[in-house]
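Sending over a structure as structure tokens; questions will come in a sec.
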Amino acid sequence: MTEAQLEAQLRAAITQAFPWLPSQGISHQLSFTFKLGHNEVTVGGALKNLARARLDVLISFQGKHLAIFELKRPGVAITDDDRDQGLSYARMLHPQPPLVVVSNGTDVSMYETFSGNLWNPAIKSETALKSLVENSTKM
């Protein structure tokens, strides 16, 4: 299975799990840019004043970002670098999505954007996700 196939399966699962979510609330391969004031940003060893990145999937509802998914090719182990990549994308978005999900199709890890800690509620439910979203807006 390729990363693109995993992404298609993920879209189908999200649509089934959240039937109330409009299809335009799921964005794929979203490119974005950022500039930090008038300062130049060093990216990959070269001085730049603009950098581009592309996150795999962004879930939004009524103008609020809920989660991003950082996907890895099936069979490839998830690393701390993969977590950090997803968190860095989430932290650049406004509003910040409160949840970052990293998956290779088999292994799934979920992180709170604000703290970077694993999101591991006692019961993974819509109520727990709602609480995470509400708490993130207080941050």
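Using 0.36 nm times the number of residues separating Ser88 and Ala8, minus their current alpha carbon distance, what extension gain do you get?
26.5 nm
Once fully extended, how much extra length lies between Thr33 and Ala53, figured as 0.36 nm per residue of separation less the alpha-carbon to alpha-carbon distance?
Taking Thr33 through Ala53 to full extension adds about 6.5 nm, to one decimal.
Calculate one ³J(HN,Hα) per residue across segment 101-116 by plugging θ = phi - 60° into the Karplus curve 6.51 cos²θ - 1.76 cosθ + 1.60, and present them in order as whole Hz with x for glycine and proline.
So the Karplus estimates, Gly and Pro as x, are 10, 10, 8, 10, x, 10, 8, 9, 10, 10, 10, 7, 4, 4, 9, x Hz.
To continue, here is another question. Just to confirm, what accessible area per residue do you get for the chain at 1.4 Å probe, in whole Å²?
Result: 63 Å² per residue.
While we're on this one: To the nearest Å, what is the center-to-center distance of segment 91-134 and segment 63-80, using C-alpha atoms only?
Result: 11 Å between the Cα centres.
Now a separate question. Which value, in debye to the nearest 20, gives the size of the charge dipole of the chain about its Cα centre, when Lys and Arg are +1 and Asp and Glu are -1 at the Cβ?
For this selection, approximately 360 debye.
Whenever you get a sec, compute what percent of the accessible area on the chain sits on carbon and sulfur atoms (1.4 Å probe).
That fraction is 52 percent.
Now for a different question. With springs only between Cα atoms under 10 Å apart, run a GNM on the chain and tell me which of Gly105, Gly25, Gly75 wobbles the most.
Its mean-square fluctuation being the largest, the pick is Gly75.
Return the calculated 222 nm mean residue ellipticity for the chain, to the nearest 500 deg cm²/dmol, obtained by summing -39500 (n - 2.57) across DSSP H runs with n ≥ 4 and dividing by the residue count.
Computed ellipticity for the chain at 222 nm equals -9500 deg cm²/dmol.
Using the Kyte-Doolittle scale, which helices in the chain average at least -0.5 and also have C-alpha atoms spread 20 Å or more along the helix axis, with helices defined as whole DSSP H runs?
Helices passing the filter in the chain: 3-17.
Let me ask something else. On a 1.4 Å probe surface of the protein chains, which of Lys72, Lys64 comes out largest in accessible area, and what is the full order?
Listed by decreasing accessible area, they come as Lys64, Lys72.
Moving to a separate point now. Pick out, from Pro95, Val108, Ala12, the residue whose Cα sits farthest towards the positive end of the charge dipole of the chain, with +1 on the Cβ of Lys and Arg and -1 on the Cβ of Asp and Glu.
Pro95
In square angstrom, rounded to the nearest 10, how much accessible surface does Ile59 have for a 1.4 Å probe?
Spelled out: Ile59, probe radius 1.4 Å, area about 10 Å².
Apply the a/c threshold of 1.5 to the C-alpha gyration tensor of segment 84-139 and tell me whether it is rounded, prolate or oblate.
oblate
The values are calculated or read from the model by the stated rules, or taken from the named source; none is laboratory data. Computed from a predicted model, the values in this text were never measured in an experiment. Note that each Cβ is placed from the backbone with ideal geometry, even for glycine, and that neighbours are counted across all protein chains shown. For the accessible areas, the whole protein counts, side chains as well, though only heavy atoms, and no ligand, DNA or RNA atoms are used. Shrake-Rupley method; radii C 1.70, N 1.55, O 1.52, S 1.80 Å.
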